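Q: Dropping a structure here in C-alpha cells format, bear with me for questions.
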Amino acid sequence: MRTLRIVVASMTLATLPVLASAADDVAALRAEMQALKSDYNARVEALEARIQQLETANAATADATLAAAATPEPPPAAPATSSASAFNPAISLILGGSYTRTSRNPADWQIAGFVPAGDEIGPGERSFNLGESELTFSANIDPYFAGTLTAAITADNEIEVEEAFFRTTALRGGLSVKGGRFFSGVGYLNEVHAHAWDFVDQPLVYQAMFGGQYRQNGVQVKWLAPTDLFLEFGAETGNGDNFPGTRLEDNGLNGATLFAHVGGDIGDYTSWRAGASWLTLNAEDRPGGIPGADGASAFDSFSGDSDTWVVDGVLKWAPSPRRQLKVQGEYMRRKEQGTYVFDPAGVAALANYRNTQSGWYLQSVYQFAPRWRVGLRYDSLDSGGALYTPAAIDPPIDFGLPPDALHPERVSLMLDWNPSEFSRLRAQYDWDDARDDGDSPMDGDGVLRLQYIYGMGAHGAHKY
Amino acid sequence: MKTFIRLFAVLLAGAASLPASAALKVLATTPDWGALTTELGGDKVNVYVATTALQDVHRVEAKPSLVARARSADLVVATGAELEVGWLPVLLQEAGNPRVQPGQPGYFEAASALKLLEVPTKLDRAMGDIHPLGNPHVQLDPRNIQAVAHALTARLAQIDPAQAAFYAARGKDFDARWDAAIKGWEAKAAPLRGKPVVIMHRDQVYLCHWLGLAEVASIEPKPGVPPTAAYLGALVGKLTATPAKLILLNAYNDPKAANWLSERVHTPDVVLPFSVGGSDRARDLFGLFDDTVDKLLAALK
C-alpha cells in the first residue's frame, strides 16, 4: 500500500515542471521542487530501508522454519512429566457387586471351631448384593510425606475408613515409616485390597484368624536392605483394635508385629517372594470364641495373649505378556492363652483357656488367554482342642476332656474375564464345608457367586 | 519368637555388611534405555534393565527384584509419559530411596526430552488405552534416541560430576556414530517412504513417522483393545479395496490376528524387534535399527 503511494507521488512530481510555466516563478519553483524532491527522497529512502528490513526478517524466519523442519524432533515447549505433579490428589473409585446363590442358608454359616469378630466373613447374603464402593485419594503432602485415604461406602449406606495413613518419602537408607490406619504388612494377602483379590473373598484362614484382614491403627517402620536380593523387614505397633486383639484400658500400645520378606527372580520369567510374620496382641473381654463341644456358641469373652505366626510364599511365572501362572500359599498358627468367661445364663463363670489353632490355603491362578484367568483354591483349618481348666472362682465348672479339633475345609474354583485393565467379571463356585458337618468339602454348601469389579479414575497400581 | 528375632538380626547384619560398588547404579525400565545408558556410561555405569523386549512394558508388576534394584539405584531411567504408570510409582514408593523419586536428579524421563506425537485432546477411557501426555512408545525413531542421549548425557554428568568429562566424551562419540547410522538407515529405507502399512498397536507410530510409512489401518480397533471378528472382517474388505504393502508386528505381540489378516489380504506381515533384545540382531541400539530397517525392506520385496 505504501509502495503504491510512493509511485503516485513520484508521478505527481514528474508533472510538476509542466504546470510551472511562468519564468519568474522558475527559480522559486526550482527551489520548492528541490525541497520537495529531497523531502520525498528522504521519505522514499526511509521506506525502502523499512522494506528491506522486513524482507530480511521474513527471510530469517523462513530460514528458521526450514531449519526447524530439518531438525528431527524439535525440543519440547513444555517437558512431559508425571501427572502426579498436579496438586489435586489422585482419585480412584472402585465399584463392585455380586450375585450369590447358596444351597444352604447363609445365616447359619460359621467357621466351625473359630468364632472371629468382624462382619466381613462368610459368603454374604443370597441374591444380588452391592459390594463396597471404594474411594481412594492419594497425593504427596510435601517433600517429606505422602498420604492416602481409602474409604469404603458399604451397601448399608455407611462409610468406613478402610485405610488412612501417611508415609514418609524422604527418609534415606531404605527406611520408610507409615502411620495411621493401614493394612498390616503381615503375610502376603493381608495388604491386598479387596478389588485386587484373585477370588471373590479372602481365604478361610484370613477370615478365621483376622476376621478378613488385619488392620493396624498405629505405626509401621520398614527397612529395605541394600541388596540385589529383595530383603525387607518391618515392625508395627498400634492400639490393637482389630481381631484377635482389642483396645486396652490403658495408655499403652497393644501388641507388636514383626515381618520379613525375601524375594527375587529365577530367570527372565519367574519371580517369587516369601515371608514370615509374627503378631502378638492382647485381648480384653474379646467377645466370641470357641463354641462348646455341641458346636453352639454361648456368649463368651476371652482375655489374654494371642500370638500368630504367618508363613507365606508366592511364585509367578510369566512366559509371555498373555500368559501368567501364579501360585501362592500361606500358613498361619495362632496360640492363645488366658481366661475365658462363660456366660450361658447370666452367671459369669471363669476358666483358664489355652488353645493352638492353625490353617492354610494354597491357590493358583492361571491367565490362559490375554483376558481370561482361571483359579483354584483349597482352604483348610484346624480349630485345635481348646484346653479349659477351672479357674479359682465360683462356681467351678467341670470341663472334662478337651473337645476334638474341627477341620473346616473349602474348595473354590474361579473364572474371570477382564475386558480391560479396568474391568473384571468373575464367576466363583465354592464347595464350602466351613461348618465342618460334612465328610468332605463336596458334601458342604454349594456357593455360586457372580461378581463385577470396575475401576475408574487414577490408574491402579500393579502391586506384586 | 526368639528364633525369629535371631533370624532377623542375622539377616540385618548380613545385609548391612555388603560392600558398595563404585559404578553408578542405574535402573532402566526398558532394554532401549538400558542400552543407551550403557552406550553413554560405559564401565562407569552398572545398568539393570527392568523388562525384556518380550514383555508389555505397560503391564509389568512391581516385582521384589525390581524393588530391590530401585532401593540401591543412583539413577532411574524411565520412558515417562505414563508408560510405566502401573508399576514404577509403586516401585519407587516401596524402594525407600529418596534420590530416585520424581523431581530428583536421580529420576530421568526420556519423554521430557521429546515432543510426543498423538497428544489426545479428549481423555476418555472409552477410547481404549490412551495416554494423556501423548504416545509414549518413542524408541523406534532414532532421532528420539539422539535427543534422549543428549539429555541423558547431561543427567549422568549432573549426578556423577567426577566423571562428567568421561560422559561428555562418550556422548559426543555416540552422537557422531549415531548421526552416521541415521543417515545410513534413512538412505537405505528410502524405498519405504510413502508405503501404506497396517500397524498392530500405536507403539509403531514413531517408526512410521520416521520412515514416512503411511499407516492405513490398525489391527487394534482402539489402543489396547483386541480386534473382534467383525472388525477384522471389515478390515479385510478395506485392505482388499486399497491394499497395504506390509503388516507390522512387534516381537512381543500375539501374531494370530496379524497372520490371519496377512493370509486373507495377501500382504506380508513382518515381526519387528521393537526393543533391544527383540531379535538376535537387535543386541544393541544399532542392531535394533539395522534389523528393523532390513526386515522392512526384505518384507517389501
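The values are calculated or read from the model by the stated rules, or taken from the named source; none is laboratory data. Not measured: the values here are computed from a predicted model. Every residue, glycine among them, receives a Cβ derived from its backbone with ideal geometry; neighbour counts consider all protein chains shown.
Q: Within segment A:420-427, is even one residue under 28 Å from residue A:193 (Cβ atoms), at pLDDT below 95, out of contact with any His (no Cβ under 9 Å at 6 or more places or on another chain) and part of a strand (DSSP E or B)?
A: There is at least one residue in segment A:420-427 that is under 28 Å from residue A:193 (Cβ atoms), at pLDDT below 95, out of contact with any His (no Cβ under 9 Å at 6 or more places or on another chain) and part of a strand (DSSP E or B).
Q: On the given criteria, is residue A:238 surrounded by fewer than 17 Cβ atoms within 10 Å (Cβ to Cβ), farther than 29 Å from residue A:408 by Cα and not aliphatic (A, V, I, L, M)? Can you show your working first?
A: Values: surrounded by fewer than 17 Cβ atoms within 10 Å (Cβ to Cβ): no; farther than 29 Å from residue A:408 by Cα: yes; not aliphatic (A, V, I, L, M): yes.
Against the criterion (surrounded by fewer than 17 Cβ atoms within 10 Å (Cβ to Cβ), farther than 29 Å from residue A:408 by Cα and not aliphatic (A, V, I, L, M)), residue A:238 does not qualify.
Q: How many residues are more than 9 Å from chain A (Cβ to nearest Cβ) and small (Gly, Ala, Ser) when one looks only at segment B:130-158?
A: Qualifying residue count for the region: 4.
Q: With touching a helix residue (DSSP H, G or I) at 6+ places or on another chain (Cβ under 9 Å) and either under 26 Å from residue B:177 (Cα atoms) or more than 7 Å from chain A (Cβ to nearest Cβ) (or both) as the only criterion, which of B:90, B:76, B:67, B:85 stands out? Working first, answer last.
A: On the way: B:90 fails: either under 26 Å from residue B:177 (Cα atoms) or more than 7 Å from chain A (Cβ to nearest Cβ) (or both); B:67 fails: either under 26 Å from residue B:177 (Cα atoms) or more than 7 Å from chain A (Cβ to nearest Cβ) (or both); B:85 fails: either under 26 Å from residue B:177 (Cα atoms) or more than 7 Å from chain A (Cβ to nearest Cβ) (or both).
Going through B:90, B:76, B:67, B:85 in turn, the sole match is B:76.
Q: Give the residue that is nearest to the other protein chains (Cβ to nearest Cβ), with candidates limited to residues of segment A:213-230 that are among the aromatic types (Phe, Trp, Tyr) and crowded, with 23+ Cβ neighbours inside 10 Å. Even if it seems obvious, please write down each step before you answer.
A: Residues of segment A:213-230 among the aromatic types (Phe, Trp, Tyr): A:214, A:223, A:230.
If we keep only those that are crowded, with 23+ Cβ neighbours inside 10 Å too, we end up with A:214, A:230.
Values: A:214: 17, A:230: 3 Å.
Result: A:230.
Q: Let me confirm something: among B:6, B:71, which residue is of a type outside the set (Phe, Trp, Tyr) and modelled with pLDDT of 95 or more?
A: Working: B:6 fails: modelled with pLDDT of 95 or more.
One residue alone meets the criteria, B:71.
Q: Between residues in segment A:166-177 that are more than 7 Å from chain B (Cβ to nearest Cβ) and residues that are outside any loop (DSSP other than H, G, I, E, B) and of a type in the set (Lys, Arg), which pairs lie under 7 Å by C-beta distance while being six or more apart or on different chains?
A: Every condition considered, the pairs that remain are A:167/A:178; A:177/A:167.
Q: Across segment B:17-64, which residue is nearest to the other protein chains (Cβ to nearest Cβ) among those that are small (Gly, Ala, Ser) and surrounded by fewer than 20 Cβ atoms within 10 Å (Cβ to Cβ)?
A: Of all residues in segment B:17-64, those small (Gly, Ala, Ser) come to B:17, B:20-23, B:28, B:34-35, B:41-42, B:50, B:53, B:62.
If we keep only those that are surrounded by fewer than 20 Cβ atoms within 10 Å (Cβ to Cβ) too, we end up with B:17, B:20-23, B:42.
On the way: B:17: 10, B:20: 8, B:21: 10, B:22: 15, B:23: 14, B:42: 21 Å.
The residue in question is B:20.
Q: Could you check, for segment B:101-116, whether at least one of its residues is more than 7 Å from chain A (Cβ to nearest Cβ) and in contact with a Gly (Cβ under 7 Å, 6 or more places away or on another chain)? Walk me through it before giving the result.
A: Keep residues of segment B:101-116 that are more than 7 Å from chain A (Cβ to nearest Cβ), which gives B:103-108, B:110, B:113.
Next, only the ones that are in contact with a Gly (Cβ under 7 Å, 6 or more places away or on another chain) stay: B:110.
Checked against the condition, which is being more than 7 Å from chain A (Cβ to nearest Cβ) and in contact with a Gly (Cβ under 7 Å, 6 or more places away or on another chain), segment B:101-116 yields at least one hit.
Q: Would you please name the residue that is nearest to residue B:161 (Cα to Cα), looking only at residues in segment B:41-56 that are touching a Leu at 6+ places or on another chain (Cβ under 6 Å) and aliphatic (A, V, I, L, M)?
A: That would be B:45.
Q: Could you list all residues from segment A:256-275 that are at the interface with another protein chain (Cβ under 7 Å from one of its Cβ atoms), touching a Phe, Trp or Tyr at 6+ places or on another chain (Cβ under 7 Å) and among the small types (Gly, Ala, Ser)?
A: A:260, A:263, A:264, listed by residue number.
Q: With the checklist (1) farther than 19 Å from residue B:195 by Cβ; (2) surrounded by 21 or more Cβ atoms within 10 Å (Cβ to Cβ) in hand, flag the one item residue B:247 doesn't pass.
A: Of the numbered conditions (1) farther than 19 Å from residue B:195 by Cβ; (2) surrounded by 21 or more Cβ atoms within 10 Å (Cβ to Cβ), the odd one out for residue B:247 is (1).
Q: Related question: Restricting the search to segment B:88-133, which residues are part of a loop (DSSP other than H, G, I, E, B), under 22 Å from residue B:148 (Cα atoms) and in contact (Cβ under 8 Å) with a residue 24 or more places away in the chain? Explain how you work it out, then say what you get.
A: Residues of segment B:88-133 that are part of a loop (DSSP other than H, G, I, E, B), as a first pass: B:96-97, B:101-106, B:114-124, B:128-133.
After this cut, where a residue has to be under 22 Å from residue B:148 (Cα atoms) as well, the list is B:101-106, B:114-119, B:131-133.
Within segment B:88-133, B:105, B:106, B:114, B:116, B:117, B:118, B:131, B:132, B:133 meet the criteria.
Q: On to the next question. Could you count how many residues in segment B:193-240 are among the charged types (D, E, K, R), free of Cβ contacts under 8 Å to residues at least 24 places away in the same chain and within 22 Å of residue B:252 (Cα to Cα)?
A: Qualifying residue count for the region: 1.
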